Structures are given as C-alpha cells and as structure tokens.
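What follows is a set of notes on a single structure, which appears directly below.
The values are calculated or read from the model by the stated rules, or taken from the named source; none is laboratory data. Quantities reported herein were computed from a predicted structural model and do not represent experimental measurements. Backbone-built Cβ (ideal geometry, glycine too); neighbour counts: all protein chains shown. These area figures cover heavy atoms from the full protein model, side chains too; ligands, DNA and RNA do not enter into them. Shrake-Rupley method; radii C 1.70, N 1.55, O 1.52, S 1.80 Å.
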Amino acid sequence: MSTKETSMGFKPIEATSLTDLVELKLRDFLQEKKLKAGDSLPTEMEIAEALGVSRNILREALSRLRMLGIITSKKKRGMVLTHPDVLGSLEKVLQPQLVDKNTLHDIFELRLVLELGMADLLFMRIEEKHLEELDKIVKNDDSTNPSFRIKNEIAFHGKLYEITGNQTLKRFQSMLMPLFDFVLKTEKRVVTPKVSHANLVELIRKGNIDEFKKGMEEHLRPHLDALANINK
C-alpha cells in the first residue's frame, strides 16, 4: 500500500527531510497570513514550538529563506519579510562552467524568445537619441570577425534591452553574457543574417512594428537554425 493510494484516498507522502517540510510550512504560513515586505515574523521560539521542531531544524529552514532574500533580520524587530531579489540566485549560478549543456541550450533559446517578443516595448519607448546610439553601434559592425561579431551582438542587442526600459529584461540580458561563448561553440560557422543590425535600425525608423518583428526573426534565423540542428 506504500506505493498506492490508501483506503481513505490519500497518497503517501514522499520521503523528504524534516528541514524540507519546515521550509514548506513556513512558505505556507507566509501565504496564509498574507504577509507583505516589511511585516515581522514570530520569534524563532514561537515558530519552533508551533511546528513542534527543534530550533536547529527551524534555523536551517530559515537560512534557506534568507539565502533567497525572502526574509532578513533587523535589530529590535527580529525576522522581517523583505522584497526578494528574483534574479539574484540565478545570477550567482548562471556560469557556463556550473551549468550543464542542456540548461545552457534552454536558456539561450529563452534569450531568442525574449528578443523576438520585445518589439512592443521597444516601439513604445524608443526615442531619437536611442536611434543615434544604435547607429553608432551599427557603424562598427564586422560580421567577418567572430570575436568582434559577438562583441557587437552584445552591444546592439543590449541596447535594445535597455531601450525597452524594463530593468528585469536589461539585467537578464547582462546575465546572458557568458552564453555568447556557448553560441560560438554551437554555431559551426559564421553565417551573416539576411537582416542586419543596420536593417533593423531602419525598420525601427519606419515605425512599422510588424515589419520589425519579421526582420528580427530573420536576423535571429542563423541562431534558430543552429539550435534546430542540435535537436536533430
């Protein structure tokens, strides 16, 4: 019966550590009480007694929430709920030497999806000064030099992220920097896209968002094709 539902209809609880269970209970508590950033939590002793666990077990679970930036400790107030740094943990581990090849592959695909979908924000917030900045980057384009090509890709697409005005997008793009080395390794040869950076800038100037979306898709086509070949 251990691998099936009991006569009461309950499924057996999967084996897990006591610390895992306490962490789960703490997360449930935060949701049930609808606590917000700045709200104080009960003391360690109160929580430990309520859960029926030792303070050592509780502290281990609390340390996990601290590492995620969910709670912090303040003088005279004890534990306080805080605004977590959503990208903080990802930022610390997103290094090619720490992440397996499949995950790198998935994250790079995510980057392509983001760039294919940023057109609306881009057109909403683009200004003349941004076009001038893009023009300067375009003047330095050299698709024949792989290293320079990657440097320019970072500069051009990084500027697009910046123009969207979305700080999370911009920060995420900076986190993807190490993945450009992954691009060089997955793409066996340099392929010049049919739609260049200069073409994209002109499409932005024309103000036609649909044409820009199509242009961006063609610009990223070599990356999409390279990834498609990997999956075969």
Checklist line | Selected residue (criterion: farthest from LYS92 (Cα to Cα)) from residues of segment 24-81 that are crowded, with 17+ Cβ neighbours inside 10 Å and of a type in the set (Gly, Ala, Ser) | finding: ALA48
Margin query: Exactly one condition in (1) modelled with pLDDT of 85 or more; (2) in contact with a Gly (Cβ under 7 Å, 6 or more places away or on another chain); (3) closer than 23 Å to SER196 by Cβ; (4) of a type outside the set (Lys, Arg) is false for GLN173; which is it?
Written below: (1)
Checklist line | Spans of helices (runs of 4 or more DSSP H) in segment 30-148 with at least 1 residues more than 25 Å from THR164 (Cα to Cα) and not aliphatic (A, V, I, L, M) | finding: 44-51, 55-67, 101-116
Check: Do you know which of the residues in segment 177-196 that are out of contact with any Ser or Thr (no Cβ under 9 Å at 6 or more places or on another chain) and at pLDDT 75 or above is most open to solvent (accessible area, probe 1.4 Å)?
Finding: LYS194
Checklist line | Count of segment 203-214 residues which are more than 14 Å from ASP120 (Cα to Cα) and crowded, with 17+ Cβ neighbours inside 10 Å | finding: 0
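So that you can scan it fast, the table gives a plain yes or no per residue for (1) at pLDDT 90 or above; (2) under 30 Å from PHE172 (Cβ atoms):
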{"site": "SER2", "(1), (2)": "no, no"}
{"site": "THR6", "(1), (2)": "no, no"}
{"site": "THR16", "(1), (2)": "no, no"}
{"site": "PHE29", "(1), (2)": "no, no"}
{"site": "GLU60", "(1), (2)": "yes, no"}
{"site": "MET67", "(1), (2)": "no, yes"}
{"site": "ASP85", "(1), (2)": "no, yes"}
{"site": "GLN97", "(1), (2)": "no, yes"}
{"site": "LEU104", "(1), (2)": "no, yes"}
Check: Which condition number does HIS219 fail, the rest of (1) open to solvent by 50 Å² or more (accessible area, probe 1.4 Å); (2) modelled with pLDDT of 80 or more being met?
Finding: (1)
